[in-house]
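Peer 1: Please see the structure below; I have some questions.
The values are calculated or read from the model by the stated rules, or taken from the named source; none is laboratory data. These figures come from a predicted structure and were not determined experimentally. All Cβ positions, glycine included, derive from the backbone under ideal geometry; neighbour counts span all protein chains shown. Note: accessible area is taken over every heavy atom of the protein model, side chains too, but ligands, DNA and RNA are not part of it. Shrake-Rupley method; radii C 1.70, N 1.55, O 1.52, S 1.80 Å.
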Amino acid sequence: MNKNFYNITDYGAVGDGKTINTAAFARAIQECAQNGGGTVYVPAGIFLTASIILKSNITLYFEIGSIVKFVQDVAQYKLVQGRWEGSEQELYTPLIYGKGLENITISGRGLLDGQGEYWWQLFKNNELKHPRPRFIAFRNCDNVLIEGIRLVNSPAWTINPVECHNVTVNKVTIKNPANSPNTDGINPSSCKNVQIANCHIDVGDDCIALKSGTEDCPKFVSCENITIINCTMVHGHGGVVIGSEMSGDIRNVVISNCIFEGTDRGIRLKSRRGRGGLVEDIRVNNIIMKDVFCPIIMNLYYFCGKGGKDKRVWDKEIYPVDKSTPSFRRIHFSDITARGVCNTAVFLYGLPEMPLEEITFDNISIELAEDARPAVPAMADKIGPVVQQGFYCNNVRDIKFINVRVSGHLGPGFEIVNAEGIDFNGCKIDKIDENDPCILFDGVRNTYFSGNRQEEIKGFLKLRDSNDNGRM
């Protein structure tokens, strides 16, 4: 027998769906670690357990036919210090957990069931003293691989590495009910060198969210060098979300070859005054979206969470720039198709003192749904509901629209407000009402037009308090 292979049944585990196997998992992991590492093996069967605590140099392998269900008893989950929604606090121990580890793998073809209904109900009834356990969470770990498994019914966030390096999540399926609270799919926070590939995610909150803590964190650690490729995402509040916990900065992100279907938002960046932090060097390409509420949002007036209703969050006047001012820059979108868009084609809203800058839309085609419903396009105060809105951009600088087509919208295809340095090249705008302009400028300086097309030349551009200074 392989001395580096540890079958949990050899340590007293019983796969009858009734026996609690927490101690058997712990014994197998302990002996594996004492002998320098190896594989802790979960065979076919139904194994009931509370938290599984990993150690370095261990592969936790779930055989096909194995089902692991996590105990529905708050008393069996100890407290650990951790980060939840951007701040440090005591949390119930994650279902699978490790801290300060290296060379850890969770793999196989098994099914892991968090049995989250128990936790969701406690949360809804306000009966929990601490935040719910995440499904898989690692802190300060290096060289982490999560591959092949299926995760269902997470009590809260499903996969949440924090301050980890060299993390790969590959071929993982995540399924949480659409109405389950805060059951995000994959949330790397303050991590470096992360690859998320070939995953299918269907959850009750954001499918993938990148974070780096809030202004309340004792230290700021960036989230950077992230690739998200070849994933399918359905339902959820957002396909891929950046923020709003971004006080430690988020940079160097590539999102490619993904399909979003029925997500609330597609690509969503969010923050607000007081949070600080910088989001920069983001590239999004080869994306197909269907029946999403709004394909692309960048919102610096996000109102959720502590302090989100303060005046400085919603105030549209200019504030002094300091370390608490968030910034989005160098963000590029290309080769994106969105059909059946339920509300707004693209919604960008920067701060007057810190515009969104260096944004590119290249080869983008967005079609608004005929039955689009009136709603507020972003989670921000003092913004009214709209319906079948095209591109809306407020407080922006150096924006390029290249080979962009928008159709099915009411009103202008592009409404640009408080902007400088706008470039339209080869765009196509399909008007519904000939009395609407294709493009509406309000407070815009320095623009350039080249090779744009429309159904009728009448009403191409309308200026309102703008100094165009551009060429057509």
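Peer 1: Please work out which residue is nearest to residue 182 (Cα to Cα), limiting yourself to the range 196-211 and to residues that are of a type in the set (Asp, Glu) and open to solvent by 10 Å² or more (accessible area, probe 1.4 Å). Steps first, please.
Peer 2: Taking the range 196-211 and keeping what is of a type in the set (Asp, Glu), we get 202, 205-206.
Applying the additional criterion that residues be open to solvent by 10 Å² or more (accessible area, probe 1.4 Å) yields 202, 205.
On the way: 202: 13, 205: 5 Å.
Within the range 196-211, the match that is nearest to residue 182 (Cα to Cα) is 205.
Peer 1: A further question follows. Taking residue 210, is it outside any loop (DSSP other than H, G, I, E, B), touching a Lys or Arg at 6+ places or on another chain (Cβ under 8 Å) and either closer than 22 Å to residue 262 by Cβ or of a type in the set (Phe, Trp, Tyr) (or both)?
Peer 2: Here the answer is no, as residue 210 does not meet what is asked.
Peer 1: Does residue 264 meet the test of being in contact with a Phe, Trp or Tyr (Cβ under 6 Å, 6 or more places away or on another chain), more than 21 Å from residue 168 (Cα to Cα) and of a type in the set (D, E, K, R)?
Peer 2: yes
Peer 1: If you don't mind, there's one more thing I want to ask. Would you list the strands (runs of 3 or more DSSP E) that sit entirely within the range 241-342 and hold 1 or more residues that are open to solvent by 10 Å² or more (accessible area, probe 1.4 Å) and polar (S, T, N, Q)? Before you say what the answer is, go through the steps one by one.
Peer 2: Working: elements: 250-261, 265-270, 278-290, 294-299, 327-341.
Counting at least 1 such residues, we get 250-261, 278-290, 327-341.
Peer 1: Just one of (1) in contact with an Asp or Glu (Cβ under 9 Å, 6 or more places away or on another chain); (2) outside any strand (DSSP E or B) trips up residue 415, so point out which.
Peer 2: Failing condition for residue 415: (2).
Peer 1: Now for a different question. Counting only residues that are aliphatic (A, V, I, L, M) and modelled with pLDDT of 95 or more, which one in the range 212-240 is surrounded by the fewest Cβ atoms within 10 Å (Cβ to Cβ)?
Peer 2: 229
Peer 1: For residues in the range 18-36 being small (Gly, Ala, Ser) and under 18 Å from residue 62 (Cβ atoms), which is most open to solvent (accessible area, probe 1.4 Å)?
Peer 2: Per the stated criteria, the residue is 26.
Peer 1: How many residues are part of a strand (DSSP E or B) and aliphatic (A, V, I, L, M) when one looks only at the range 346-387? I'd like the intermediate steps shown before the answer.
Peer 2: Pass one, the range 346-387, residues part of a strand (DSSP E or B): 346-349, 351, 354, 356-368, 375, 380, 386.
Adding the requirement that they be aliphatic (A, V, I, L, M) leaves 346, 348, 351, 354, 356, 359, 364, 366, 368, 375, 380, 386.
Qualifying residue count, the range 346-387: 12.
Peer 1: Another question, then. Test each condition in (1) open to solvent by less than 30 Å² (accessible area, probe 1.4 Å); (2) of a type outside the set (A, V, I, L, M); (3) farther than 19 Å from residue 339 by Cβ; (4) without any contact (Cβ under 8 Å) to a residue 40 or more places away in the chain for residue 427 and report the one that comes out false.
Peer 2: (3)
Peer 1: Still on this model: What residue, among those in the range 453-472 that are open to solvent by less than 40 Å² (accessible area, probe 1.4 Å) and assigned to a loop (DSSP other than H, G, I, E, B), is modelled with the lowest pLDDT?
Peer 2: 470
Peer 1: Quick check on this structure: which one of 275, 268, 251 is in contact with a Leu (Cβ under 8 Å, 6 or more places away or on another chain) and closer than 23 Å to residue 215 by Cα?
Peer 2: 251
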